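The values are calculated or read from the model by the stated rules, or taken from the named source; none is laboratory data. Everything numeric here is computed off the predicted structure, so don't read it as measured data. Backbone-built Cβ (ideal geometry, glycine too); neighbour counts: all protein chains shown.
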Amino acid sequence: MYNLSESEILEIIDKAIDFGIETLNGEKNLLAIQIASFWIEGYIYGNELRLTGDDIKSLRHTINTYYFT
């Protein structure tokens, strides 16, 4: 069961990716995605009471399969 909709998942991922890019002064590379992955883990930890197991799996899967086009 999900508490987050697909659009909410994507919005959270976008925020994490933006943070990763900003941290690297605008560079879009694998390191930015790795930083975003750490951001996602912090988000999960901070919201663990409101997130379901499916939400967590979806967030992790989405960030782990993210790539820049």
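Beta carbons closer than 7 Å, at least 6 apart along the sequence or on distinct chains, pair a first residue in the range 13-42 that is among the charged types (D, E, K, R) with a second that is assigned to a helix (DSSP H, G or I) for GLU27/ILE21; LYS28/ILE21.
Among the conditions (1) under 16 Å from HIS61 (Cβ atoms); (2) surrounded by 14 or more Cβ atoms within 10 Å (Cβ to Cβ), SER5 misses just one, which is (2).
Consider the range 35-47 and keep the residues that are closer than 22 Å to MET1 by Cβ and either at pLDDT below 95 or touching a helix residue (DSSP H, G or I) at 6+ places or on another chain (Cβ under 6 Å) (or both). The one that is surrounded by the fewest Cβ atoms within 10 Å (Cβ to Cβ) is ILE44.
Apart from one condition, ASP18 fits all of (1) surrounded by 13 or more Cβ atoms within 10 Å (Cβ to Cβ); (2) over 18 Å from THR69 (Cα atoms); (3) acidic (Asp, Glu); the exception is (2). The set of residues from the range 48-59 being of a type in the set (D, E, K, R) and either under 10 Å from ILE9 (Cβ atoms) or exposed (fewer than 10 other Cβ atoms within 10 Å of the Cβ) (or both) comprises ARG50, ASP55.
Per the listing ASN47, ASN25, the residue uniquely out of contact with any Ser or Thr (no Cβ under 7 Å at 6 or more places or on another chain), at negative phi and not hydroxyl-bearing (Ser, Thr, Tyr) is ASN47.
Within the range 60-67, can one find any residue that is in contact with a Lys or Arg (Cβ under 9 Å, 6 or more places away or on another chain) and surrounded by 12 or more Cβ atoms within 10 Å (Cβ to Cβ)? No, the range 60-67 has no match at all.
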